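Below is one structure, written out as structure tokens; comments come after it.
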Amino acid sequence: MLKNDLLLRTLRGEKTERTPVWMMRQAGRYLPQYMVLREKYGFFERCQTPELACQITLQPVDIVGVDAAILFSDILVVPQAMGLEVQLIESKGPFLPNPIKTANDLSRVRVPDVHESLAYVFDAITLIKKELNGRVPLIGFAGAPWTLLCYMVQGKGSKTFDEAKAFCYTQPETAHRLLQMITDTTIEYLKAQIEAGADTVQIFDSWGGLLGPEDFEAISLRYIRQIVAALKDLAPVIVFAKGAWHSLDAMAATGAHGLGIDWCIKPQLARQFAGNGITLQGNFDPAKLLSPIPVIEKEVKAMLDAFGPGNHIANLGHGILPNVPVDHARAFVDSVKNYRHNL
Ligand code: 1CP
């Protein structure tokens with residue numbers, strides 16, 4: 001069925017001719033073709049219209065030549081489906097006018113029927129799979145419960161998410177009720193993405209690294225573990241908890257097929273922590289794509305040498321920055337594609 005299944009074979013631990021490559025947030029503002037649609041349609045309109053979501057999802061496949069498509073959507077469609085108003089403010093980011101602050105506020109959130117409230121996502125996936133026509137696999141995704149709680153409580157982006165942490169520390173019972181509701185919703189949501197055609201799914205715990213190791217286990221990983229357990233026999237699962245390198249061993253033990261790592265840990269050390277039985281994904285510093293192209297080519301080689309052959313998906317250590325020139329993104333992808341390990 002798939003003409004290029006490098007990503008899926010790598011996630012299953014199989015040997016491949018070369019390392020697969022994609023970039024987190026690869027459908028986005030660094031692409032002029034995305035900016036054209038961004039001028040015309042609101043953010044959630046782009047997410048909720050399957051034809052637009054499909055068009056945007058395919059852009060990096062056609063323009064940059066990545067080995068996988070990732071659904072164009074956002075992690076915040078889940079809090080929205082659970083009953084919270086979510087706005088995206090131009091150049092500022094997400095804004096939730098009525099965040100969760102107390103146990104009383106939980107009456108405003110529910111575990112929705114995802115087939116109803118998020119039907120547009122599954123329609124988009126069906127359309128994307130048709131348009132991809134087997135060229136590359138499609139990655140579905142969701143936010144990790146802790147990262148979603150950050151926005152649901154803090155109400156906007158933050159460097160520290162201090163109000164979200166304070167909520168967990170001062171109202172632990174309410175926090176865990178909310179985390180469990182997000183978990184239950186996310187399991188149904190990702191199952192339905194796989195049913196609709198997603199070939200693999202990634203859980204984004206972008207703010208996992210704000211928690212120390214004990215809190216990460218208690219507040220984040222125990223919920224991620226439930227999600228992985230519910231999905232891992234349906235499709236390969238990738239867990240990306242940015243900054244949570246201290247728990248790579250525990251994350252590997254969830255049974256996930258792949259673990260994302262950022263650029264603040266050496267590949268050799270990440271491998272030592274995670275063990276040999278799992279695929280690692282990353283870990284190019286996104287800002288390094290602003291270097292001259294020959295530097296990008298050299299640094300990509302160094303990254304691939306450090307990871308060694310097999311069990312590695314080349315990616316950035318976090319999302320691509322909006323000011324990256326398209327030819328630099330393409331140089332990153334081409335450098336991976338042209339590299340061969342000495343076997
Ligand atoms: O056009 C615009 O200005 C909107 C920018 C934008 C885009 C392109 C947002 C708002 N979301 C997205 C798409 C998106 N978001 C994808 C698409 C698929 C892809 O190409 O990768 C994905 C996977 C996400 C996931 C997402 N949204 C995360 C997890 C990944 C990460 O980067 O850490 C997070 C934390 C969000 C929240 C969010 N949505 C948008 C922004 C600007 C943010 C980050 C805000 C913050 O820093 O707190």
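Read-outs: derived from the displayed coordinates by stated rules, not from any lab. Just so you know, these numbers come straight off a predicted model, no measurement behind them. Neighbour counts are summed over all protein chains in view; Cβ atoms, including those assigned to glycine, are modelled from backbone coordinates with ideal geometry.
For the chain, what is the calculated [θ] at 222 nm in deg cm²/dmol (nearest 500), taking -39500 (n - 2.57) for each run of four or more DSSP H residues and dividing by its residue count? Show your work: numbers first, answer last.
Values: 15 runs with 153 residues, N = 343.
The per-residue figure over the chain is -13000 deg cm²/dmol.
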task = For the chain, just the Cα atoms, rotate onto the principal axes and tell me the three extents in Å, largest first.
result = 60, 45, 37
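Only four residue types carry charge here, +1 at the Cβ of Lys and Arg and -1 at the Cβ of Asp and Glu. Report the dipole size of the chain about the Cα centre in Debye, rounded to the nearest 20.
Numbers: 34 positive and 36 negative charges, 122 e Å.
I would put it at about 580 debye.
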request  = Any chance you could give the angle, 0 to 90 degrees and rounded to 10, that helix 145-154 forms with the longest Cα principal axis of the chain?
outcome  = 50
task = For the chain, with a Gaussian network of springs between Cα atoms less than 10 Å apart, report the residue from Thr186, Thr254, Thr102 with the top mean-square fluctuation.
result = Thr102
task = Note the angle between two axes, namely the Cα long axis of helix 326-338 and the longest principal axis of the Cα atoms of the chain, as a number of degrees from 0 to 90, rounded to the nearest 10.
result = 60
task = Quick one: among Gly308, Gly28, Gly93, which has the greatest mean-square fluctuation in a GNM of the chain with alpha-carbon springs under 10 angstrom?
result = Gly93
ask   = Label points 7 Å out from Cα along the Cβ direction at Ala119 and Leu106: separation in nm?
value = 3.0
key: Stretch in the chain that is longest and holds no GluC sites (Glu not before Pro) that DSSP places in a loop and that have at most 14 other beta carbons within 10 Å   = 91-343
message = Need one number: % antiparallel among DSSP beta bridges in the chain, to the nearest 5.
response = 15
ask   = Where Lys and Arg each count +1 and Asp and Glu each count -1, what net charge lies around Gly28 among other residues with Cβ under 12 Å from its Cβ?
value = +3
inquiry  = Nearest 10 degrees is fine. How inclined is helix 222-231 to the longest principal axis of the chain, computing both from alpha carbons?
reply    = 60
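Could you pull out the pairs from Lys232/Lys266; Lys165/Lys242; Lys159/Lys242; Lys92/Lys159; Lys3/Lys191 whose alpha carbons sit more than 20 Å apart here? Intermediate values should be presented prior to the final figure.
Numbers: Lys232/Lys266 27 Å; Lys165/Lys242 17 Å; Lys159/Lys242 13 Å; Lys92/Lys159 13 Å; Lys3/Lys191 24 Å.
In this structure, Lys232/Lys266; Lys3/Lys191 lie more than 20 Å apart at Cα.
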message = Please rank Ser220, Ser91, fewest neighbouring Cβ atoms within 10 Å first, as an exposure proxy.
response = Ser91, Ser220
request  = Would you mind calculating the gained length between Asp162 and Asn98 on full extension (0.36 nm times residue separation, minus the Cα-Cα distance), in nm to one decimal?
outcome  = 21.3 nm
